[in-house]
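Written out below as structure tokens is the structure these notes cover.
The values are calculated or read from the model by the stated rules, or taken from the named source; none is laboratory data. Everything numeric in this text was worked out from a predicted model, so none of it was measured. Ideal geometry is used to build each Cβ from the backbone, glycine not excepted, and the neighbour counts take in all protein chains shown. Ligands, DNA and RNA are excluded from the accessible area calculation, which covers all protein heavy atoms including side chains. Shrake-Rupley method; radii C 1.70, N 1.55, O 1.52, S 1.80 Å.
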Amino acid sequence: MLPIANLARTSFRLAVSRLASNLRNGLPSTAMARCAACGLGLIAAALFGSVASATAPAPAVASISPTSGPAAGGTTVVIAGGSFRTATAVHFGAVNATSFVIDSNEQITAVAPAGTGTVDVTVSNPGGTSITSPADRFTYTASAPTVTSISPGSGPSAGGTSVTVTGTGFTGASAVKFGATNAASFTVDSATSITAVSPAGSGTVDIAVTTAAGTSATSAADRFSFAVATTEIALISSQNPSSFGQSVTFTAKVTAPSDTPAGTVTFSDNGSPIGTAALAAGTATFSIATLTIGSHTITASFAGNGSFNASTSAALAQSVGVPADSVKLRALQIDLTKVVAQNSGQAISGAIDGAISEGFNDGGSFMTPSGAGMRFNFAADPENDAAQADAGNRSGYASDRNSSASGRSGGNSRIDNAFAAIDRQMPTKAKPKTTRETRDWLFWIDVRGSGIDRWSSPTSPAVGTSGSSIYGNQLNALVGLTYKAAPNLLIGAVAGYETFNYTAQDINGKLTGDGWTAGTYLGWMIAPALRYDAAVTYSQIGYNGVAGTAQGNFNGDRWMFATGLTGSYKVSNLLIEPSGRLYTLWEHENAYVDTLGTLQTARDFVTGRASGGAKLSYPLATTDGAMLAPYLGVYGDYYFSRDDAAALGVSGIPVNPTLVLEGWSARVTGGLNARLAGGTMLGLGAEYGGLGGTARIWTFSARARVPFN
């Protein structure tokens with residue numbers, strides 16, 4: 001405050017002195033007033049000017065961070081000090097900062113402009129500019145250029161190749177060198193690109209760029225090769241097409257107009273390297289056994305050296321196919337899964353047909369043949385003596401029965417009831433009318449063994465046939481429950497299990513597996529001598545296929561629909577059953593990869609059989625203690641199928657089945673039931689189909705029945 005007071009006193013004295021002088025000179029009062037006002041104004045100006053100067057001192061810079069940055073500018077610098085609140089400018093040397101922000105009275109954040117050397121960072125406000133000191137010095141650093149790529153990477157030894165050099169820090173470049181030799185000429189296109197013309201040279205050299213900041217470091221990215229000769233590559237394969245897993249050797253021969261190239265060759269598949277090999281006498285070989293199935297574009301590339309240009313061969317299309325055993329596995333699948341389905345369809349539809357027949361026969365026989373199957377009917381086991389419920393009314397009949405049939409056991413056994421049709425031939429007395437309890441439920445079991453034996457197959461038109469190649473067997477066991485909903489309507493449920501084992505000898509193949517079945521059925525008695533039946537079942541099958549070295553597991557989901565009409569007529573004691581039947585099976589099999597790495601695609605097929613014919617049965621009485629009941633059937637069949645398995649995996653290889661279940665053929669069935677004196681029943685039956693075709697399908701049955709109370 002002392003300078004302010006002194007200034008005020010000085011101003012005041014000056015004003016008073018002027019006023020006294022005016023008075024001595026006799027100035028008018030108005031002039032005197034103006035002088036007084038002027039003096040007071042000077043006093044006020046001095047006072048307030050000094051106050052303003054005292055409230056806005058010049059800023060001071062205590063430190064900066066960082067203290068250096070690139071010459072291109074852009075460095076963010078934090079300035080610490082004081083009196084920054086009213087800062088109006090920040091300078092790096094004589095150049096304004098690119099921008100600055102007042103963070104507080106003690107800190108400013110500024111962005112350095114472009115510059116060179118070492119400069120002072122100063123801050124200005126209305127009170128002045130900060131005094132420079134070592135604490136505010138900022139140094140601009142220059143970066144050496146870098147080369148990140150060149151194009152092209154080679155050229156003739158005579159030079160003259162225009163090379164584009166890409167990198168950073170090229171502004172002001174003073175030299176471009178190919179090794180130790182200056183470029184023939186160069187142009188700085190931008191800070192990141194230079195176009196240089198190669199000088200004469202040999203071998204492989206580094207391209208370096210020099211600026212005031214230094215020279216670029218060498219790296220693999222800046223190498224340029226001088227070649228004295230062009231080269232060509234011829235590429236061949238040892239096996240084309242080849243199979244998956246088979247070793248294939250590729251040979252690349254590199255030639256030049258003179259001398260023999262040396263170095264390495266890189267082999268690529270669709271542009272991706274798969275291996276390298278050194279040249280020996282201009283030839284490189286490479287072997288690989290892991291090429292995937294499909295088409296491959298193989299190339300061989302020579303890297304070149306100081307004497308030879310780099311080169312790449314023409315593309316070689318290498319085809320890798322499915323292994324032969326994978327193809328055989330597919331053929332096995334196509335051939336034999338339809339056989340399994342056909343035999344299952346025959347067994348299931350036949351068992352259901354028998355169950356419906358027994359259901360409309362009020363329980364039927366305890367065990368009877370159906371086609372060539374074995375069927376147990378537990379609902380057909382009547383009470384030990386149906387007459388016991390009405391013993392008083394039927395005792396006379398039982399006595400007559402015993403006396404008229406000497407050697408036969410007394411009373412009504414289950415054998416007599418189950419073979420009532422056979423008993424029609426035995427001489428008996430007229431017996432009183434009896435009442436048999438109607439049974440609404442029928443439980444049954446049907447067991448069938450079947451198989452195929454391919455006796456012959458066509459080899460070519462009008463040439464002949466070859467021997468058996470496909471054979472095997474299959475077992476279908478089914479259980480069912482039938483309910484008589486009305487006198488002319490039956491409904492039922494069926495469940496079953498199947499297992500199979502087939503061999504395809506020509507392809508060293510075997511198909512095994514098993515599965516389960518569930519479904520429902522109905523029967524409708526349209527007229528006393530004509531019935532209709534229908535059934536729907538679902539099966540899930542697990543397959544295991546082996547063909548040579550290829551093996552695969554897959555599942556099948558199978559649906560079957562069966563329907564038919566059956567008549568029943570008697571001529572004397574001969575029973576005639578004409579019928580027309582149809583079953584259709586649809587199966588989906590999932591995709592899988594076999595043990596040789598081949599994709600076996602998903603597959604769907606439809607197969608089935610339509611048939612028509614008649615069965616004859618005639619009971620024979622041999623002795624009082626034994627009965628024989630032979631039967632015989634003849635049918636005409638038409639097999640049909642459709643399969644979408646046209647190609648294997650991604651290879652597009654067609655697979656043609658060798659076994660075709662299509663077209664017309666004939667089928668015969670026959671068998672014999674024997675009832676022994678003690679009531680035990682034994683039965684044998686068989687069916688032989690495919691007559692007139694190339695595949696023979698047979699079914700067998702062994703039947704036995706033991707009465708129980």
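Give the number of residues within the stretch 504-549 that are open to solvent by 20 Å² or more (accessible area, probe 1.4 Å), among the small types (Gly, Ala, Ser) and at pLDDT below 95.
Matching residues across the stretch 504-549 total 3.
Which residues, counting only those in the stretch 298-318, are open to solvent by 50 Å² or more (accessible area, probe 1.4 Å), closer than 30 Å to Gln600 by Cα and assigned to a strand (DSSP E or B)?
Taking the stretch 298-318 as the starting set, the residues that turn out to be open to solvent by 50 Å² or more (accessible area, probe 1.4 Å) are 303, 307, 310, 312, 314-315, 317.
Subset that is closer than 30 Å to Gln600 by Cα: 315, 317.
Matches in the stretch 298-318: Ala317 only.
Can you give me the number of residues within the stretch 197-218 that are at pLDDT 90 or above, open to solvent by 70 Å² or more (accessible area, probe 1.4 Å) and of a type in the set (S, T, N, Q)?
2
Determine which member of the set Gly515, Gly556 is small (Gly, Ala, Ser), more than 30 Å from Ile576 (Cβ to Cβ), part of a strand (DSSP E or B) and in contact (Cβ under 8 Å) with a residue 60 or more places away in the chain.
On the way: Gly515 fails: in contact (Cβ under 8 Å) with a residue 60 or more places away in the chain.
So the residue among Gly515, Gly556 that is small (Gly, Ala, Ser), more than 30 Å from Ile576 (Cβ to Cβ), part of a strand (DSSP E or B) and in contact (Cβ under 8 Å) with a residue 60 or more places away in the chain is Gly556.
Looking at the structure I just gave you, is Ser295 among the small types (Gly, Ala, Ser), open to solvent by 70 Å² or more (accessible area, probe 1.4 Å), under 22 Å from Gly597 (Cβ atoms) and touching a Ser or Thr at 6+ places or on another chain (Cβ under 6 Å)? I'd like the intermediate steps shown before the answer.
On the way: among the small types (Gly, Ala, Ser): yes; open to solvent by 70 Å² or more (accessible area, probe 1.4 Å): yes; under 22 Å from Gly597 (Cβ atoms): yes; touching a Ser or Thr at 6+ places or on another chain (Cβ under 6 Å): yes.
Yes; evaluated as a whole, the condition is true for this residue.
Mind checking which residues of the stretch 81-93 are open to solvent by 30 Å² or more (accessible area, probe 1.4 Å) and either farther than 15 Å from Val119 by Cα or modelled with pLDDT of 95 or more (or both)?
Within the stretch 81-93, Ser83, Arg85, Thr86, Thr88, His91 meet the criteria.
Quick one: is Thr148 β-branched (Val, Ile, Thr), more than 30 Å from Ala281 (Cα to Cα), in contact (Cβ under 8 Å) with a residue 40 or more places away in the chain and surrounded by fewer than 14 Cβ atoms within 10 Å (Cβ to Cβ)?
It is true that Thr148 is β-branched (Val, Ile, Thr), more than 30 Å from Ala281 (Cα to Cα), in contact (Cβ under 8 Å) with a residue 40 or more places away in the chain and surrounded by fewer than 14 Cβ atoms within 10 Å (Cβ to Cβ).
Taking only pairs six or more apart or across chains, which ones have beta-carbon atoms under 6 Å, a first residue in the stretch 596-618 that is closer than 20 Å to Leu632 by Cβ, and a second residue that is at pLDDT 90 or above and of a type in the set (Val, Ile, Thr)?
Gly613/Val634
In the stretch 523-553, what residues are of a type in the set (A, V, I, L, M, F, W, C) and within 30 Å of Gly580 (Cα to Cα)? Reasoning before the result, please.
At the first step, the residues of the stretch 523-553 found to be of a type in the set (A, V, I, L, M, F, W, C) are 524-527, 529-530, 534-536, 541, 546-547, 550.
Answer for the stretch 523-553, where residues must be of a type in the set (A, V, I, L, M, F, W, C) and within 30 Å of Gly580 (Cα to Cα): Trp524, Met525, Ile526, Ala527, Ala529, Leu530, Ala534, Ala535, Val536, Ile541.
What number of residues within the stretch 487-503 are more than 26 Å from Leu329 (Cβ to Cβ) and surrounded by fewer than 20 Cβ atoms within 10 Å (Cβ to Cβ)? Break it down stepwise before answering.
So the first thing to find is which residues in the stretch 487-503 are more than 26 Å from Leu329 (Cβ to Cβ), and the list is 487-496.
Next cut, surrounded by fewer than 20 Cβ atoms within 10 Å (Cβ to Cβ) only: 487-489, 491, 493, 495.
The number of residues fulfilling the criteria is 6.
Is at least one residue of the stretch 222-236 closer than 30 Å to Thr116 by Cβ and either in contact (Cβ under 8 Å) with a residue 40 or more places away in the chain or polar (S, T, N, Q) (or both)? First the steps, then the outcome.
Here is the first cut: in the stretch 222-236, the residues closer than 30 Å to Thr116 by Cβ are 222.
Pick out the ones that are also either in contact (Cβ under 8 Å) with a residue 40 or more places away in the chain or polar (S, T, N, Q) (or both) and you get 222.
Looking through the stretch 222-236, at least one residue is closer than 30 Å to Thr116 by Cβ and either in contact (Cβ under 8 Å) with a residue 40 or more places away in the chain or polar (S, T, N, Q) (or both).
Give me the pairs: first residue in the stretch 167-184 and at pLDDT 95 or above, second residue open to solvent by 60 Å² or more (accessible area, probe 1.4 Å) and hydrophobic (A, V, I, L, M, F, W, C), beta-carbon distance under 7 Å, and six or more apart or on different chains, which are they?
From the stretch 167-184, the pairs are Val176/Phe186.
Looking only at the stretch 258-297, which residues are in a loop (DSSP other than H, G, I, E, B), among the hydrophobic types (A, V, I, L, M, F, W, C) and more than 32 Å from the chain's Cα centre (by Cα)?
Filtering the stretch 258-297 down to residues in a loop (DSSP other than H, G, I, E, B) leaves 258-263, 270-271, 279, 281-282, 289-293.
Restricting the remaining residues to those that are among the hydrophobic types (A, V, I, L, M, F, W, C) gives 262, 279, 281, 289, 291, 293.
Listed by number, the residues that qualify are Ala262, Leu279, Ala281.
Can you say whether Pro113 is farther than 30 Å from Ser219 by Cβ, open to solvent by less than 40 Å² (accessible area, probe 1.4 Å) and touching a Gly at 6+ places or on another chain (Cβ under 6 Å), as far as the supplied structure shows? Explain how you work it out, then say what you get.
Values: farther than 30 Å from Ser219 by Cβ: yes; open to solvent by less than 40 Å² (accessible area, probe 1.4 Å): yes; touching a Gly at 6+ places or on another chain (Cβ under 6 Å): yes.
Spelling it out, Pro113 is indeed farther than 30 Å from Ser219 by Cβ, open to solvent by less than 40 Å² (accessible area, probe 1.4 Å) and touching a Gly at 6+ places or on another chain (Cβ under 6 Å).
Within the stretch 583-616, track down each residue that is closer than 30 Å to Gly523 by Cα and surrounded by 18 or more Cβ atoms within 10 Å (Cβ to Cβ).
Selection gives Tyr583, Leu585, Glu587, Phe605, Thr607, Gly608, Arg609, Ser611, Gly613, Lys615.
Does Ala221 satisfy the criteria of being outside any strand (DSSP E or B), among the small types (Gly, Ala, Ser), modelled with pLDDT of 90 or more and open to solvent by 30 Å² or more (accessible area, probe 1.4 Å)? It would help to see each step written out before you state the result.
Numbers: outside any strand (DSSP E or B): yes; among the small types (Gly, Ala, Ser): yes; modelled with pLDDT of 90 or more: yes; open to solvent by 30 Å² or more (accessible area, probe 1.4 Å): yes.
It is true that Ala221 is outside any strand (DSSP E or B), among the small types (Gly, Ala, Ser), modelled with pLDDT of 90 or more and open to solvent by 30 Å² or more (accessible area, probe 1.4 Å).
Test of understanding: among Phe244, Phe250, Phe224, which residue is more than 19 Å from Ala183 (Cα to Cα), touching a Phe, Trp or Tyr at 6+ places or on another chain (Cβ under 8 Å) and of a type in the set (Phe, Trp, Tyr)? Quick ask: steps written out before the conclusion?
Details: Phe244 fails: touching a Phe, Trp or Tyr at 6+ places or on another chain (Cβ under 8 Å); Phe224 fails: more than 19 Å from Ala183 (Cα to Cα).
Criteria check complete, one pass: Phe250.
With respect to Gly128, is the statement that it is over 30 Å from Ser198 (Cβ atoms) and of a type outside the set (Val, Ile, Thr) true? Walk me through it before giving the result.
Working: over 30 Å from Ser198 (Cβ atoms): yes; of a type outside the set (Val, Ile, Thr): yes.
Considered against the rule, which asks whether it is over 30 Å from Ser198 (Cβ atoms) and of a type outside the set (Val, Ile, Thr), Gly128 comes out as yes.
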